[in-house]
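The values are calculated or read from the model by the stated rules, or taken from the named source; none is laboratory data. The model shown is predicted, which means the values in this text are computed figures rather than measured ones. Every residue, glycine as well, gets a Cβ built from its backbone with ideal geometry; the counts of neighbours run over all protein chains shown.
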Amino acid sequence: LYPLWLRCGEMLFRKQKITVKNEAIMVADADTVDLHLSSRAPASLEIAKDKNDASARQIELDVLSDKNAEIYWQRSDNYDTVLDLRIWGQANTALCRVMEKWLNHFYQVPVQIQPVEEVKDGKWVWHIGLDQESSSILNDLYNGNEVTGERNQRLVSLFRMEIRDKTLIRPDIAGQPIYLGMAMTADNLLRLKPQNLLVNLPLAEST
């Protein structure tokens, strides 16, 4: 098994702490972060690539990538590795593969999921929020309701999902992409609800 897939799999059942810095979207296990901070004064998580930067309190956790993936095997029970979910990065691609496997495992529905920067689709017909925050934001965007800049910035990732076998999907949705979203809370927490992918998938009645 690919370590990045396994680390992404942790996101499906463990709360994550998000730090956004430039293009990087750092995802760390929230309980691990709390453990590191428990004996310190309150501070926000700052995973700095420049260890000489003393501008913020830092928690030094290793960012998992292809180059150091082997460290996961010895430390998986510690939940102390970080993912960088920048849009075209290795971890975001790995998360797409995990979601594809999740759906195929439960429904035997082959899908293709890829990251997108934004939804530009005049025929946007279906979306699934992977957590409570993104569900609310995507619903408002879909219905034409105003979404403040602050709420919009909470969107961590957007994805486009295509169902390969169109006979498995409701006829009114078949052939159209399904958009997925992830968003953090106001306190930078990500609580994924992978069951949303299962219960909100517009399957045909015969499936």
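Quick look at the numbers
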{"item": "Qualifying residue in the stretch 165-174 (condition: in contact with a helix residue (DSSP H, G or I) (Cβ under 6 Å, 6 or more places away or on another chain) and among the hydrophobic types (A, V, I, L, M, F, W, C))", "result": "yes"}
{"item": "Qualifying residues in the stretch 23-37 (those that are not in a strand (DSSP E or B) and not aliphatic (A, V, I, L, M)) - the one surrounded by the fewest Cβ atoms within 10 Å (Cβ to Cβ)", "result": "23"}
{"item": "Candidates 146, 162, 117, filtered to the one that is in contact with a strand residue (DSSP E or B) (Cβ under 9 Å, 6 or more places away or on another chain), over 25 Å from residue 24 (Cα atoms) and either of a type in the set (Asp, Glu) or not assigned by TED's automatic domain parsing to the domain that holds residue 99 (or both)", "result": "162"}
{"item": "Within the stretch 113-207, strands (runs of 3 or more DSSP E) holding 3 or more residues that are among the acidic types (Asp, Glu)", "result": "none"}
